[in-house]
């Protein structure tokens with residue numbers, strides 16, 4: 001599991017950059033939590049656990065460390081435990097948009113759609129949070145999974161107003177267009193998303209959209225890029241499942 005760079009940056013800025021007036025114990029906890037989050041971002045989950053646990057030994061309610069532990073629990077499939085960690089993180093830092101975003105995203109994964117959307121909306125509106133496009137896009141993905149495409153497009157309009165070139169939002173809107181049979185619109189958004197550095201999800205929908213448009217050569221190119229750049233991605237496996245391939 002990899003933490004999106006924009007989310008990692010927001011989490012670190014939220015509380016892992018202590019100033020000189022912060023007590024040594026809190027500064028040490030911030031440092032350990034920052035190390036743990038960086039390791040999660042690199043996919044080094046087992047190594048991340050020790051610094052996060054050390055941060056919580058120093059400051060039991062450290063919000064970023066709690067969020068990190070929630071992410072580890074999610075990766076292990078321990079969803080109720082993850083929910084508890086994320087809820088504790090929100091209680092510890094109710095004004096943090098980054099932390100509320102993780103909580104809302106998880107609630108959506110657990111099927112608690114209304115509560116998840118409420119948390120994501122609060123995240124986007126959090127004072128001082130500079131990445132509103134992240135929870136807005138997560139809300140749209142939540143709705144897309146529920147088949148609520150028109151509602152999802154509304155959230156995506158807001159996300160792209162906040163950050164017009166945000167690749168995850170462009171990819172999510174392309175997905176909505178694809179599912180509605182609007183392949184040209186999907187292809188246009190995916191081209192922008194690829195130019196903005198879109199990852200495995202972008203390439204997955206690029207393959208499907210190119211195929212739907214009868215562009216076999218382009219589809220093969222995107223498929224090759226997905227396999228080469230993201231060999232362990234769930235989207236690579238999903239594409240194989242779509243094709244009936246091993």
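I want to verify a result. In a Gaussian network model of the chain, Cα cutoff 10 Å, which of these has the top mean-square fluctuation: 189, 30, 232? Maximum among the listed residues: 232. Modelled spin-label separation between residue 221 and residue 113, with each label point placed 7 Å from Cα along the Cα-to-Cβ direction: 3.8 nm. Computing Rg and the Kirkwood Rh from the Cα coordinates of region 20-80 gives a ratio, Rg/Rh, of 1.00. A Förster distance of 25 Å, applied to the separation of the beta-carbon atoms of residue 149 and residue 44, puts the FRET efficiency at 0.10. With bins 10 Å wide beginning at 0, the percent of Cα pairs of region 98-246 falling in each bin runs 13, 39, 35, 13, 1.
P(r) tail for region 28-167, what percent of Cα pairs lie past 23 Å?
Details: 3363 of 9730 pairs.
Beyond 23 Å sits 35 percent of the P(r) for region 28-167.
Against the chain, whose longest principal axis is taken from its Cα atoms, helix 97-109 shows a tilt of about 60°.
In angstrom, the C-alpha Rg and Dmax of region 142-202 are 10.5, 28. The calculated 222 nm mean residue ellipticity attributable to helices in the chain amounts to -24000 deg cm²/dmol, summing -39500 (n - 2.57) over DSSP H runs of n ≥ 4 and dividing by all residues. Enter the angle in degrees (range 0 to 90, nearest 10) between the Cα long axis of helix 5-15 and the first principal axis of the Cα atoms of the chain, meaning the one along which they spread out most. Helix 5-15 and the main axis of the chain meet at about 20 degrees. Of the residues 132, 124, 210, the one that moves most in a GNM of the chain with alpha-carbon contacts below 10 Å is 210. Between 201, 211, 87, the GNM of the chain built on Cα springs shorter than 10 angstrom shows 211 fluctuating the most.
Computed from Cα atoms, the angle from the helix 63-75 axis to the main principal axis of the chain rounds to 50 degrees. Can you figure out the FRET efficiency of residue 26 with residue 76, using R₀ = 25 Å and their beta-carbon distance, to the nearest 0.05? According to the calculation, E is roughly 0.35.
Assuming R0 = 22 Å, what is the FRET efficiency of residue 130 and residue 87, from their Cβ-Cβ distance, to the nearest 0.05? Calculated value: 0.40.
FYI, it's all coordinate maths here, none of it is from the lab. Computed from a prediction, not measured in an experiment: that's the story for all the values here. Counting neighbours? That spans all protein chains shown, and the Cβs are built from the backbone with ideal geometry, glycine included.
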